[in-house]
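Peer 1: Below are the structure tokens for one structure; questions will follow.
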Amino acid sequence: MAYTVPKLADYSAEALDKAVAKLLSALETEAAAVASESDWNTFRDRWLARKNGILTLVNDLWLKAAPKDAKREVGQRVNEVKARVEERVAGVKPERVVSYTGSGASVIPKLAVAATGTSGPRVIIEERPLDITLPGIRRPMGAEHPVIKTMNEIVSVFRNLGYSVEEGPEIETDYYNFEALNFPPNHPARDTQDTIFIAGQESKPLRDRLLLRTHTSPVQIRTMEKQRPPVRVVCPGKVHRNDAPDATHSPIFHQVEGLAVDTNITFCDLKGTLDHAMKALFGSSVKTRFYPSFFPFTEPSADVQISCIFCGGKGTRDGGPCRNCKASGWIELLGCGMVDPNVYRFVNYDSKKISGFAFGMGVERIAILKYGVDDIQLFFQGDVRFLEQFG
Ligand code: DAH
């Protein structure tokens, strides 16, 4: 006979004990009989339904009907009963687990319940046919962005030569970006780098005003302020210029800066180092050429050109002029020079005792050449079809 909630004629402690014991034993028996999801639904509704559920009846028939002086005692019992019932209902809720069996559509899905003791949660094993002809789940591999990949490659060429790595802030002061690099205030050399200034700085002295760094060269100064010679560092990072985007320009791009300061460093060391680096990056048949140039922080200064990797330096390709090097056989790649003694004054290095060289290269420019990319914008558009080619 299924359990029904009795009315209580007697509210003594013994009578209450007996009634509660009977109810709990019915609860245990019914909980143990739950063998499927639908059993559980019925079990839950029978005990917890608002309307006519056993707990509701207990409330009505025991608590509400109790005489005033028994209410306290009965209330306490009813609360205990309520907690036990809720705990049992939650405890036997079956957990659904999908198991794939057999193959082909002829296997009919069925539910099986694996009882895992009366107290722990039960597991409903839903058997589903396994169709091995379904396509698998594709998990595309991530890939390093070509700019980062190239930047890491450049850095590792110099790490192998014993250089360490330094980084500096992207928001710089006028002092580090220009003044200490021997670009005096109002000097026309500043016009070569279209600068994005942070607004509202007019009340500060010029040297403290903030801007987005236009090159990684300020890290040279920050490094020399921190350490005495010998110095051998490369400084990779993001730089900003107020340039309109087109196939060869982007307002954001990346550079790797280099600086070596020691006793007796000569232009020969600079040439040998960069010649080695270009061969490591583009292949051992590449030649380098140093072309006179100007940078305020180096004297003498040079642009480094490499023999055109598309026409092998010949200037002609497929019977016509090579477009990549404008038929010159050379491609300009980076700036460099011997550190100008004026720069050492800003960091208290003694230019009579030491000398050094510096260089700076654009990472996108090198990536464009290495990978044959024809538009710098592709690096910044985030198109997966482009990026996945570097995976
Ligand atoms: N900072 C220069 C630029 O962005 C590049 C450069 C040239 C860096 C010569 C150097 C250097 O360290 O020696 O145009």
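The values are calculated or read from the model by the stated rules, or taken from the named source; none is laboratory data. Since the model is a prediction, treat every value here as computed from it, not as a measurement. A quick note on method: Cβ atoms are made from the backbone with ideal geometry, for glycine too, and the neighbour counts reach across all protein chains shown. Calculation scope for accessible area: heavy atoms of the full protein, side chains included, ligands and nucleic acids excluded. Shrake-Rupley method; radii C 1.70, N 1.55, O 1.52, S 1.80 Å.
Peer 1: If packing is taken as the average count of other Cβ atoms within 10 Å, what order do 49-58, 172-181, 206-215 fall into, highest mean first?
Peer 2: Values: 49-58: 14.7, 172-181: 22.7, 206-215: 18.4.
In descending order of packing, they fall as 172-181, 206-215, 49-58.
Peer 1: A follow-up question, please. Pairs to check: K22/K82; K287/K314; K326/K370; K226/K279; K71/K93; K204/K238. Give those whose C-alpha atoms are more than 22 Å from each other in this structure.
Peer 2: Details: K22/K82 14 Å; K287/K314 12 Å; K326/K370 18 Å; K226/K279 32 Å; K71/K93 33 Å; K204/K238 25 Å.
Pairs exceeding the cut-off: K226/K279; K71/K93; K204/K238.
Peer 1: What does the C-alpha gyration tensor say about the overall shape of region 301-391? Classify as rounded when a/c is under 1.5, otherwise prolate if a/b is larger than b/c, or oblate.
Peer 2: Verdict is oblate for region 301-391.
Peer 1: Additional query: Choose one answer from S328, S203, S36: the residue with the largest mean-square fluctuation in a GNM of the chain with alpha-carbon springs under 10 Å.
Peer 2: Sorting by GNM fluctuation, first place goes to S36.
Peer 1: Given a 1.4 Å probe and every protein chain left where it sits, what share in percent of the accessible area of the chain is carbon and sulfur?
Peer 2: Numbers: 11520 of 21760 Å².
Roughly 53 percent, rounded to a whole number.
Peer 1: Excluding ligands and nucleic acids, what accessible area in Å² is computed for E14 using a 1.4 Å probe, to the nearest 10?
Peer 2: Using a 1.4 Å probe on the heavy atoms, I get roughly 130 Å².
Peer 1: Which order do K18, K149 take when ranked by solvent-accessible area (1.4 Å probe, heavy atoms of all protein chains), largest first?
Peer 2: Details: K18 155, K149 65 Å².
Final ranking, largest accessible area leading: K18, K149.
Peer 1: Then there is this: Project the alpha carbons of the chain onto their principal axes and report the range along each, largest first, in whole Å.
Peer 2: Principal extents (largest minus smallest coordinate, Cα): 111, 62, 38 Å.
Peer 1: Whole number in Å², please: accessible area per residue of region 13-91, 1.4 Å probe, ligands, DNA and RNA not counted. Intermediate values should be presented prior to the final figure.
Peer 2: Numbers: 4670 Å² over 79 residues.
Ligands and nucleic acids excluded, the figure is 59 Å² per residue.
Peer 1: Which of the listed residues, T214, T42, T173, is farthest toward the dipole's positive end in the chain, when Lys, Arg count +1 and Asp, Glu count -1 at the beta-carbon?
Peer 2: T42
Peer 1: Springs between alpha-carbon atoms under 10 Å, Gaussian network over the chain: tell me which of A189, A90, A358 tops the mean-square fluctuations.
Peer 2: Ranking A189, A90, A358 by mean-square fluctuation puts A90 first.
Peer 1: Let me have the relative contact order for the chain, percent, based on Cα pairs under 8 Å that are six or more residues apart.
Peer 2: 13 percent
Peer 1: Using alpha carbons only, how many angstrom separate the centre of region 171-196 from the centre of region 269-301?
Peer 2: Here the answer is 24 Å between Cα centres.
Peer 1: To continue, here is another question. Which value at 222 nm does the chain reach when only helices count, each DSSP H run of 4 or more adding -39,500 (n - 2.57), with the total divided by all residues and rounded to the nearest 500 deg cm²/dmol? Mind showing how you got there, number by number?
Peer 2: Numbers: 12 runs with 124 residues, N = 391.
Mean residue ellipticity, 222 nm, calculated: -9500 deg cm²/dmol.
Peer 1: For region 13-91, what does the alpha-carbon gyration tensor say about shape, rounded, prolate or oblate, given a ≥ b ≥ c as the root eigenvalues, a/c under 1.5 as rounded, and a/b over b/c as prolate? Mind showing how you got there, number by number?
Peer 2: Working: a/c = 2.77, a/b = 1.92, b/c = 1.44.
In terms of gyration-tensor shape, prolate.
Peer 1: Let me ask something else. Looking only at Cβ-Cβ distances, which cysteines of the chain have no other cysteine closer than 4.7 Å?
Peer 2: Those would be C235, C268, C336, since no other cysteine Cβ in the chain comes under 4.7 Å of theirs.
Peer 1: Among A31, A244, A143, determine the one that fluctuates most according to a GNM of the chain built with springs between C-alpha atoms less than 10 Å apart.
Peer 2: For the chain, modelled as a Gaussian network with Cα springs under 10 Å, the answer is A31.
Peer 1: Spelling out what I want: for every residue of region 289-296, take phi, set θ = phi - 60°, compute 6.51 cos²θ - 1.76 cosθ + 1.60 (Karplus), and round to whole Hz; glycine and proline get x.
Peer 2: With coefficients 6.51, -1.76 and 1.60, one gets 9, 9, 10, x, 8, 9, 9, x Hz.
Peer 1: Ordering I154, I125 by how much accessible area each has at a 1.4 Å probe, largest first, what is the list?
Peer 2: Details: I154 0, I125 50 Å².
Ranked list, largest accessible area first: I125, I154.
Peer 1: Right, next: Could you let me know the centre-to-centre spacing of region 304-373 and region 117-169, using Cα atoms, in angstrom?
Peer 2: Between the Cα centre of region 304-373 and that of region 117-169, the gap is 36 Å.
Peer 1: Within region 242-259, whose backbone N sits under 19 Å from a point 7 Å along Cα→Cβ of Y371?
Peer 2: 246-256
Peer 1: I've got another one for you. Amide H of V239: which non-local residues (sequence gap of 5 or more, or other chain) have their own amide H closer than 5 Å, using H built in the peptide plane?
Peer 2: Hits under the 5 Å cutoff: F253, H254, Q255.
Peer 1: Where the only charges are on Cβ atoms (+1 Lys, Arg; -1 Asp, Glu), what is the dipole of region 146-390 about its Cα centre, to the nearest 20 debye? Numbers along the way, then the final one.
Peer 2: Details: 27 positive and 29 negative charges, 133 e Å.
Dipole size: approximately 640 debye.
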